[in-house]
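Okay, so here's the structure we're looking at.
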Amino acid sequence: MSGIDTPQSVPDEPDAGSGVQPRSSGRGRRKAEPWFGNLGQLDFDIEFFERILARKDDSVEVLRILAELVSKKGNLERAVDYDRRLVELQPEDFLARYNFACSLARAGRPDEAIDALSRAVLLGYDDLDHMESDPDLESLRAHPDFQALLGEG
């Protein structure tokens, strides 16, 4: 292995001569354990990028990644915080505004989400088909201001 490949499961047989005995799951196979100690992959990734952010707190790419990761984890308020920081760092970036709107919508903050979407559109966001079908914006579908943004109101 090159060092960048990570096994997806624990092998059935211990390394020869290692003295390590497999744990039995009742079927003669070792029980798969978390690869990163107690952390699952998503938690490991979040911790990894948070450590990078601690060294360089204005890293746009790291903030983008972290916002996505914590959103996947279901920590919507942290996603809002990371996306807000992105918007502060890049106030003219329509994609940062759009993603901020998505985080706000998922966090149950529709009025703020509509405001962020409106600003994204004013800054140049024009993929209305995506906006109309984006599952992150599901909570806004019936909102009259959302419909107006789509040209339906």
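Listing for the model above:
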{"read-out": "Among (1) more than 25 Å from Pro110 (Cα to Cα); (2) outside any helix (DSSP H, G or I) - the single one Phe48 does not satisfy", "value": "(2)"}
{"read-out": "Counted residues, segment 101-153 - those being touching an Asp or Glu at 6+ places or on another chain (Cβ under 8 Å) and not in a helix (DSSP H, G or I)", "value": "3"}
{"read-out": "Hey, Ala120 among the hydrophobic types (A, V, I, L, M, F, W, C), out of contact with any strand residue (DSSP E or B) (no Cβ under 8 Å at 6 or more places or on another chain), on the phi < 0 side of the Ramachandran plot and loosely packed, with under 13 Cβ neighbours inside 10 Å or not", "value": "no"}
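All of the numbers you see were taken from the coordinates with simple rules; none came from a lab. None of these values were measured; they are calculated from a predicted model. As a convention, Cβ positions derive from the backbone with ideal geometry for all residues, glycine included, and neighbour counts pool all protein chains shown.
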